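To start, the structure itself, in C-alpha cells.
Just so it is clear, none of the values below were taken in a lab; they were calculated from the coordinates. Remember, predicted model here, so these are calculated numbers, not experimental data. Note: ideal-geometry Cβ built from the backbone for every residue, glycine included; neighbour counts use all protein chains shown.
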Amino acid sequence: MECVAKARKWGNSVGVIFPRHVVEKEHIKPNKDVRFLILQDDTTFKKTFGTVKMKKPTQQIMDELRKELYHE
C-alpha cells in the first residue's frame, strides 16, 4: 500500500504518523514492526532543468544521431 505521511520531530528523533485508513487496512497495532520504503520527493533536477518535450520520436532522433556520428 502506498501513502504519503509527513515526518515530524519527536523528542530527539523523527516520527511518521500513518493515516488512519492505512492503520486500519494494514492492521497496524502499537509496538508492531512495520517495514516501509522511503522515497524522497526530490524534484530538484526537474525544477532546475524542466522537462523536455520532443517533437520527434526518440527512435528517429537516435537514427539521425547515428547517421551523423557514423556518416551512414
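A few points about this structure:
- Pairs meeting the criteria (first residue in region 8-24 and assigned to a helix (DSSP H, G or I), second residue not hydroxyl-bearing (Ser, Thr, Tyr), beta carbons under 6 Å, at least 6 apart or on different chains) are VAL22/CYS3.
- Among (1) surrounded by 10 or more Cβ atoms within 10 Å (Cβ to Cβ); (2) among the hydrophobic types (A, V, I, L, M, F, W, C); (3) in contact with a Lys or Arg (Cβ under 7 Å, 6 or more places away or on another chain), the one test that ILE28 misses: (3)
- Region 46-63, residues that are part of a helix (DSSP H, G or I) and either loosely packed, with under 10 Cβ neighbours inside 10 Å or touching a strand residue (DSSP E or B) at 6+ places or on another chain (Cβ under 8 Å) (or both): LYS46, LYS47, THR48, PHE49, THR58, GLN59
- THR51 being hydroxyl-bearing (Ser, Thr, Tyr) and over 22 Å from the mean Cα position of the chain (by Cα): no
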